[in-house]
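What follows is one structure encoded as structure tokens, with my remarks underneath.
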Amino acid sequence: MSTDTTPASELLSSFQLGDLNLKNRVVLAPMTCARAETTRMPNDLMAEYYSQRSSAGLLITEGTFISKQAIGWVNAPGIYTDEQGEAWKKITKAVHAKGSKIFLQLWHCGRASHSDFHDGALPVSASPVKQNGEYIHTPKGKKDYETPRALDASELSEIVLAYHQGARRAKDAGFDGVEIHAANGYLIDQFLQSKTNTRTDQYGGNPENRVRFLQEIVTGVTEVWPANRVGVRLSPNGNYNDMGSEDFRETFTYAASQLDNVGLCYLHVVDGLAFGFHELGEPMKLEEFRKIFSGPIMGNCGYTRETAEAAIQGKHADLIAFGRPYISNPDLVERFRHGSLLTPPEDMTTWFSFEKEGYTDFSVANT
Ligand SMILES: Cc1cc2nc3c(=O)[nH]c(=O)nc-3n(C[C@H](O)[C@H](O)[C@H](O)COP(=O)(O)O)c2cc1C
């Protein structure tokens, strides 16, 4: 038997997130685990994974496709059919049974996809700017990235509708809210950033225009959910998926200031550099977002218990999301509480295996 000798923790204290009471400020970061098989249906194995990690105050699901066009990852789940929506119920139920809350992350890959996912049709993006990178995993194996097809402005309302429908299905499935994935070089980020958006219409050029698509999606989603149940994720510093724009600070400052007008549940900022940094200037810090965004702020990336505690005590963040540490430590909160050692992250090859190995087979500490 161990006794709790750690000093009072703000990270582990409860937090009022809008009208949701979270039992602590630890969040399971959204992580694609690719266990949904080719049907992209949530299943029992996934319910077990989320249930195991329900000691977090809030769980955010892996990125979940809002439409077939949104697809760009093998075996990642969807919420574009009623059957998928129905199947998510077992996951929300399992998490609620353990007293936690869960948001669904709404995802569209845009150019970070391949025609193999789309019966030969090119992936879509803001502009025909090809992603540099080694290769993409497709249903037919590793392939080179392709130059995407630029979406016509007239097609965007259909995508906004798909976000709206995904949000509605998430509500019907018992989620507590949704997170709009506008980070990590996927479709919304491709619109936000000048590197991937060379449009000359009302969706391109200045930050005002580049943020417009995200604003329309927020509007579509908040027709279903009150704004205080909708979060948005941004990654101003990241180079994942070949991102990073010279004017990143101007863009993300403007985006956050606009999102502040909506009364969102939270702004989720991938502020840390441990997932790749574009090195195009001083990285944006949570403190900068605090000045422009008045709602709750969630930090992420490379945090340890100590740095998370410091960010919360310093009032830079209200919540901290943990990704890789949560894969190999399903009882992360208990380990933090008892000061137990963490199991180091698993070999990356098991992250996207189709098995329980590297997913639900991690042991819990003997606290
Ligand atoms: C296996 C894996 C899958 C991920 N999938 C997603 C995802 O679906 N959506 C997303 O926004 N970020 C995704 N990320 C990024 C994480 O949410 C997080 O930003 C990153 O792991 C850095 O946080 P950490 O240092 O705590 O791991 C993924 C990361 C990993 C390791």
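Annotations
- Taken as a whole, the range 176-191 holds no residue that is on the phi < 0 side of the Ramachandran plot, touching a residue at least 40 places away in the same chain (Cβ under 8 Å), more than 16 Å from the ligand (Cβ to nearest atom) and surrounded by fewer than 19 Cβ atoms within 10 Å (Cβ to Cβ).
- Helices (runs of 4 or more DSSP H) wholly inside the range 283-367 containing at least 1 residues that are away from the ligand (no atom under 13 Å from the Cβ) and either more than 29 Å from Met243 (Cα to Cα) or in contact with a helix residue (DSSP H, G or I) (Cβ under 9 Å, 6 or more places away or on another chain) (or both): 286-292, 305-313, 332-338
- Considering residues of the range 112-151 that are of a type in the set (S, T, N, Q) and within 23 Å of Gly244 (Cβ to Cβ) only, the residue most open to solvent (accessible area, probe 1.4 Å): Asn132
- Some residue of the range 296-318 being touching a Cys at 6+ places or on another chain (Cβ under 9 Å), open to solvent by 20 Å² or more (accessible area, probe 1.4 Å) and either at pLDDT 95 or above or more than 18 Å from Asn184 (Cα to Cα) (or both): yes
Condition check ((1) of a type outside the set (S, T, N, Q); (2) surrounded by fewer than 21 Cβ atoms within 10 Å (Cβ to Cβ); (3) more than 20 Å from the chain's Cα centre (by Cα); (4) more than 13 Å from the ligand (Cβ to nearest atom)) across all residues:
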{"position": "Leu11", "(1), (2), (3), (4)": "yes, no, yes, yes"}
{"position": "Leu20", "(1), (2), (3), (4)": "yes, yes, no, yes"}
{"position": "Ala29", "(1), (2), (3), (4)": "yes, no, no, no"}
{"position": "Thr32", "(1), (2), (3), (4)": "no, yes, no, no"}
{"position": "Arg35", "(1), (2), (3), (4)": "yes, no, no, no"}
{"position": "Arg40", "(1), (2), (3), (4)": "yes, no, no, yes"}
{"position": "Asp44", "(1), (2), (3), (4)": "yes, yes, yes, yes"}
{"position": "Thr64", "(1), (2), (3), (4)": "no, no, no, no"}
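- Test: residue in the range 55-62 that is acidic (Asp, Glu) and within 16 Å of the ligand (Cβ to nearest atom): yes
- Residues (out of contact with any strand residue (DSSP E or B) (no Cβ under 7 Å at 6 or more places or on another chain), among the polar types (S, T, N, Q), outside any helix (DSSP H, G or I) and away from the ligand (no atom under 16 Å from the Cβ)) located in the range 69-119: Thr81
- Conditions (1) under 18 Å from the mean Cα position of the chain (by Cα); (2) within 16 Å of the ligand (Cβ to nearest atom): number failed by Ala256: (2)
The values are calculated or read from the model by the stated rules, or taken from the named source; none is laboratory data. Note that this is a predicted model, so its numbers are computed, not measured. Heads up, the Cβs are rebuilt from the backbone with ideal geometry, glycines too, and the neighbour counts pull from every protein chain shown. The accessibility values were calculated without ligands, DNA or RNA, using every heavy atom of the protein model including side chains. Shrake-Rupley method; radii C 1.70, N 1.55, O 1.52, S 1.80 Å.
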